[in-house]
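Chemist: Take this structure, written in structure tokens, and hold onto it; I'll ask about it next.
The values are calculated or read from the model by the stated rules, or taken from the named source; none is laboratory data. Fair warning: this is a prediction, and the values are worked out from it, not measured in the lab. For neighbour counting, all protein chains shown are included, and Cβ atoms are generated from backbone atoms with ideal geometry for every residue, glycine included. Ligands, DNA and RNA are stripped out before the accessible areas are found, and what is left, the full protein with its side chains, is counted by its heavy atoms. Shrake-Rupley method; radii C 1.70, N 1.55, O 1.52, S 1.80 Å.
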Amino acid sequence: MSFRQFLPSLKKILLYVLLFLFLTPFLLIIMNSFKSTQQFVENPLSLPTGIQLDNYVSAFDNMNFLDGFLNSLLITVGSVLLILFFSSMTGYLFVRFKWRVNGILFYAMLASLALPFQVLMIPLVMLYGNMSLLDSKITLLFMYLGFGVPFGVFTFHGFIKGIPYELEESAFIEGSSRMRTFFQIVLPLLRPVFVTLIVLDVLWIWNDYLLPSLVLLSPEHKTLPLSTYNFFSSYSVDYAPLMAGLIMTIIPVLIMYLLLQKQIIKGITEGALK
């Protein structure tokens, strides 16, 4: 067999090796969630001797899972809806209205995507702390809106440019208003982008630890990622229930991602081409 004939098989082997490397941390978490903390400390790479669901029961109680789940659900759903609403309308405004200020604002939003959050977090916390606006879900929603809209505008902007303007002109001739045309004609055509942004933003907001840890100070406001810190004490870490808690935290978004992964790829590729 020549090297050229062997090349496709070599590529498949390399892809499987890379897949295994990427899945290894996740597989280790699953394995260790069924072991005791002592077994984990002794050998974190060993297979579990049996299925121990006590870790999941302990994690459910110690994390106050239901309250954390509801807080995460409220913050994630609210933030994603706000981001989609404002970024879609802003992207439409930038494409259809050729004002000079629109170009400046659009490129300013693109520039903000390159700004690391770590640069802003200390001034942000100081500013909102001085105004006594911390420890509030509304404040966290507002921050997620500010950090999520630039990428949403960028994505919608590229997709809306590929929608023929003649569709909207026909609606205007029939007497439709600009707002009605957007919601009844343009918005249904943006479904692939909506699905893509929903999944990407849900993955980001649901799994985010840093920003909620800076804003949400009260135990009753904790999200699921913040609740996993309950397994850390001053001198030790209860690793086995912690692993179980991590699995319970990522299962909802993992299921959603697996169900919508085809729409994600479609939305990204269509937006890029347009």
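Chemist: Filter the stretch 152-189 down to residues that are under 29 Å from ALA111 (Cα atoms), small (Gly, Ala, Ser) and open to solvent by 30 Å² or more (accessible area, probe 1.4 Å), then give me how many there are.
Modeler: The number of residues fulfilling the criteria is 1.
Chemist: Would it be correct to say that LEU127 is open to solvent by 70 Å² or more (accessible area, probe 1.4 Å) and either modelled with pLDDT under 90 or more than 25 Å from PRO192 (Cα to Cα) (or both)?
Modeler: So LEU127 fits the description; yes.
Chemist: Now for a separate question. Which of the residues belonging to the stretch 150-201 are within 27 Å of ILE255 (Cβ to Cβ) and under 16 Å from the mean Cα position of the chain (by Cα)?
Modeler: The answer is PHE151, GLY152, THR155, VAL193, PHE194, VAL195, THR196, LEU197, ILE198, VAL199, LEU200, ASP201.
Chemist: In the stretch 65-78, is there at least one residue being over 30 Å from ILE138 (Cα atoms) and either open to solvent by 80 Å² or more (accessible area, probe 1.4 Å) or part of a helix (DSSP H, G or I) (or both)?
Modeler: No.
Chemist: Another question about this same structure. Could we say that PHE34 is part of a helix (DSSP H, G or I), closer than 24 Å to PHE231 by Cα and of a type in the set (A, V, I, L, M, F, W, C) here?
Modeler: no
Chemist: Same structure again: Looking at LEU93, LEU120, LEU115, which is the one that is closer than 16 Å to PHE147 by Cα, hydrophobic (A, V, I, L, M, F, W, C) and in a helix (DSSP H, G or I)?
Modeler: LEU120
Chemist: For the stretch 81-113, name all the residues that are open to solvent by 10 Å² or more (accessible area, probe 1.4 Å) and within 30 Å of TYR229 (Cα to Cα).
Modeler: LEU81, LEU82, LEU113
Chemist: Give all pairs with beta carbons closer than 6 Å in which a residue from the stretch 177-200 that is closer than 17 Å to LEU84 by Cβ meets a residue that is among the basic types (Lys, Arg) and open to solvent by 20 Å² or more (accessible area, probe 1.4 Å); count only pairs at least 6 apart in sequence or on separate chains.
Modeler: PRO192/LYS266
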